[in-house]
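Undergrad: The structure is given below, and queries will be raised subsequently.
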Amino acid sequence: MDQDEARGRILDAAEELFYGRGIQAVGMDELRTAAGVSLKRLYQCFPAKQDLVEAYLRRRDARWRAALAEYVDAHGEGPAERVPAVFDWLAEWFAEPDFRGCAFLNSFGELGATSEQVARAAREHKRALVSYLGGLVSDLSGELSEEQISLLAGQLALLVDGAISAAAVAGEAGSARQARAAAEVLLATAARMEGGGRRPGDDGPVCP
C-alpha cells in the first residue's frame with residue numbers, strides 16, 4: 001500500500017467515524033483499525049489528530065460543494081430554478097440513512113473553541129457556500145446591486161443551515177421543503193425590488 005492509498009483509506013475511515021459519531025468519540029487506534037493501516041503509517045500520513053481532522057473537513061467541503069453544484073446544474077433548467085434546486089438537493093441528502101447534520105457545525109461545536117484549524121475550516125466552508133449562493137442569485141437577475149446580492153445570499157445560507165440543523169434534530173426531511181418555500185418568498189420579494197431603489201433590509205428583512 002503506497003502513501004496515497006493509505007491516506008485515502010484513512011480519510012474514508014475518518015469521514016465515516018467522525019461524521020457518524022463525533023470527532024472526540026473516535027480515537028486514533030480505532031481509526032487505524034477501520035482504515036486497515038498500521039499505527040505507524042497513520043502517523044506518517046497525519047502526525048497529529050488535528051491534522052487528520054482538518055484534512056477530513058477540507059475533503060468533505062470539496063465533495064459536499066461539488067455534489068451540490070452538480071445537482072443544481074443538472075436540475076436547475078434555468079436561473080429561476082437553480083436556487084430552489086439547492087433545497088431539493090438538501091431534501092435528498094436529508095433522506096440518506098447516514099445523514100447526521102452539518103459536519104462543519106458539528107465539528108465547530110466540538111472543537112471550534114480550542115482548535116483554530118477546525119474553526120477556520122468551518123468558517124471557510126460557510127463563506128464558500130454564501131459565495132456559491134451569491135453566484136446563483138446574480139445569474140437570476142442583473143438588476144440587484146452587489147450589496148443586495150450579498151445580503152440575499154447570506155439570507156439563503158441561513159435557510160440552508162437552518163434546514164440542515166432542523167433535519168438533523170427532527171430526523172426527517174420536511175425542513176428542506178419549508179426552507180425552499182421561504183427561499184422562493186425571498187427571491188420573489190427581491191424581484192419586486194429590482195429597479196425600485198429600495199435595498200433589502202432598509203425597512204426590515206427582504207422577506208415580508
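The values are calculated or read from the model by the stated rules, or taken from the named source; none is laboratory data. Just so we're clear, the structure is a prediction, and the values are computed from it rather than from any experiment. Positions of Cβ are generated from backbone atoms using ideal geometry, with glycine treated the same way; all protein chains shown enter the neighbour counts. Heavy atoms of the whole protein, side chains included, go into the accessibility calculation; ligands, DNA and RNA do not. Shrake-Rupley method; radii C 1.70, N 1.55, O 1.52, S 1.80 Å.
Undergrad: Got a sec? Which of 192, 127, 199 is surrounded by fewer than 13 Cβ atoms within 10 Å (Cβ to Cβ) and at pLDDT below 95?
TA: Step by step, each of 192, 127, 199 is checked, and only 192 is surrounded by fewer than 13 Cβ atoms within 10 Å (Cβ to Cβ) and at pLDDT below 95.
Undergrad: Taking the conditions exactly as written (in contact with a His (Cβ under 7 Å, 6 or more places away or on another chain), crowded, with 16+ Cβ neighbours inside 10 Å and among the aliphatic types (A, V, I, L, M)), does residue 85 satisfy them or not?
TA: So residue 85 passes the test.
Undergrad: Specify the residue that is modelled with the lowest pLDDT; the eligible residues are those in segment 132-160 that are surrounded by fewer than 17 Cβ atoms within 10 Å (Cβ to Cβ) and within 18 Å of residue 89 (Cα to Cα).
TA: 135
Undergrad: Return the residue satisfying two criteria in turn: it lies in segment 1-24 and is open to solvent by 60 Å² or more (accessible area, probe 1.4 Å) and assigned to a loop (DSSP other than H, G, I, E, B), and of such residues it is nearest to residue 50 (Cα to Cα).
TA: 24
Undergrad: I'd like the full set of residues that are open to solvent by less than 50 Å² (accessible area, probe 1.4 Å) and more than 18 Å from residue 157 (Cβ to Cβ), limited to segment 58-80.
TA: Listed by number, the residues that qualify are 59, 78.
Undergrad: What pairs can you find where one residue is in segment 39-56 and farther than 22 Å from residue 103 by Cα and charged (D, E, K, R), the other is part of a helix (DSSP H, G or I) and open to solvent by 60 Å² or more (accessible area, probe 1.4 Å), and their Cβ atoms are less than 9 Å apart, with a gap of 6+ or different chains?
TA: Partner pairs satisfying both residue conditions: 41/3; 41/32.
Undergrad: Right, another one. Does any residue in segment 143-170 that is over 21 Å from residue 101 (Cβ atoms) come within less than 7 Å, Cβ to Cβ, of a residue that is in a helix (DSSP H, G or I) and not aliphatic (A, V, I, L, M) six or more places away or on a different chain, and which pairs are these?
TA: 149/134; 149/138; 150/134; 153/134
Undergrad: Residue 30 - would you say it is open to solvent by 10 Å² or more (accessible area, probe 1.4 Å) and over 27 Å from residue 114 (Cα atoms)?
TA: no
Undergrad: Which pairs do you get when a residue that is open to solvent by 70 Å² or more (accessible area, probe 1.4 Å), found in segment 107-120, comes within reach of a residue that is modelled with pLDDT of 95 or more and assigned to a helix (DSSP H, G or I), reach meaning Cβ atoms under 9 angstrom, with the pair 6+ apart or on two chains?
TA: 108/118; 108/119; 108/121; 108/122; 108/123; 113/119; 120/54
Undergrad: Considering 35, 62, 48, which residue is within 19 Å of residue 2 (Cα to Cα) and among the hydrophobic types (A, V, I, L, M, F, W, C)?
TA: Just a single option satisfies the conditions, and that option is 35.
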